[in-house]
Amino acid sequence: MTSTFPYGNDLGNPDAWVGRLDTKSSVWLVSYENSFSIACGYHRFIFLGLESLSIGVLTLSGCGPSIEAPIGRLAQSGGGVGRAAARRFQELIGASSRAKDVGEHVEHIQTMEDISTGMQLYERMKEKLPTYVESNIPLSLEDIAGMPGAVAGAQVEAAAAAGQYFLEGYESFRDTLPPARQAFGPWTIANGGSGLIGAGIGGLIGVWSLGKWFNLYYELGATSLAQCHREGSSPAYEQPYMQIGNLHEYLRQLPPAGCNIRPDAYRPQTPWQGTHP
């Protein structure tokens, strides 16, 4: 695998790799979703690969009030802000009632259950202050699932909420010790979600896991495929992938998934004008 897009994949055959669980991306859009803590806890985020067209919900889970423990190199990356946040969390333990924890947790589970498409998840992401970030190595959603990692809150408010979080992921558990081999991070992600509910997980070391995920390549392509078949080799159809902001230019200008148009016949109606932030 090469270290640059398309990471060894065939640009002439996108149906074979775009949008898959194991499709790699070095460029991501990430938004904070929510957190929960009663003894064990988690922080949850939505990840969208801007070079893969796959989107999913990734959760960093761990047990115990790990703010007492060092957070590896993530705490160092947070500097004085991260350390001050940890101290503030210690002062605020007990500020949030466990009844509120459970109530918001159940409400969030129901909300996520109602999401049945990748575009619904993408629209939810856009409501949560998504952040554009780059990983240190090309990663897929499948790669991140099972990785050790860390999350630390910063800019802590009196109500035990954090204005932003520092995220990290490591290639193996051995890599969590200095010198760390970070697969991604430290990323600073704004809290546009429900806030930090459990003060005990302000700083958390744990393992990343993957929940729901969707293939936006096939999902969005299906809406335009029928028109593509009617038009034959004519490019006079909707460009479905233009709906995803800051997507890699190659992906944005693809014809719908399964639309076998000759490369010399494909002429996008609206040339891509965007740039990455």
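The values are calculated or read from the model by the stated rules, or taken from the named source; none is laboratory data. Note that this is a predicted model, so its numbers are computed, not measured. Backbone-built Cβ (ideal geometry, glycine too); neighbour counts: all protein chains shown.
Scanning the range 113-155 for residues that are of a type in the set (A, V, I, L, M, F, W, C), closer than 14 Å to Glu33 by Cβ and modelled with pLDDT under 90 yields Ile115, Leu129, Val151. For the range 225-268, filtered to residues that are modelled with pLDDT under 75 and assigned to a helix (DSSP H, G or I), the residue that is nearest to Ser52 (Cα to Cα) is Leu225. The residues in the range 1-55 that are of a type in the set (Phe, Trp, Tyr), in contact (Cβ under 8 Å) with a residue 60 or more places away in the chain and assigned to a loop (DSSP other than H, G, I, E, B) can be counted, and the count is 2.
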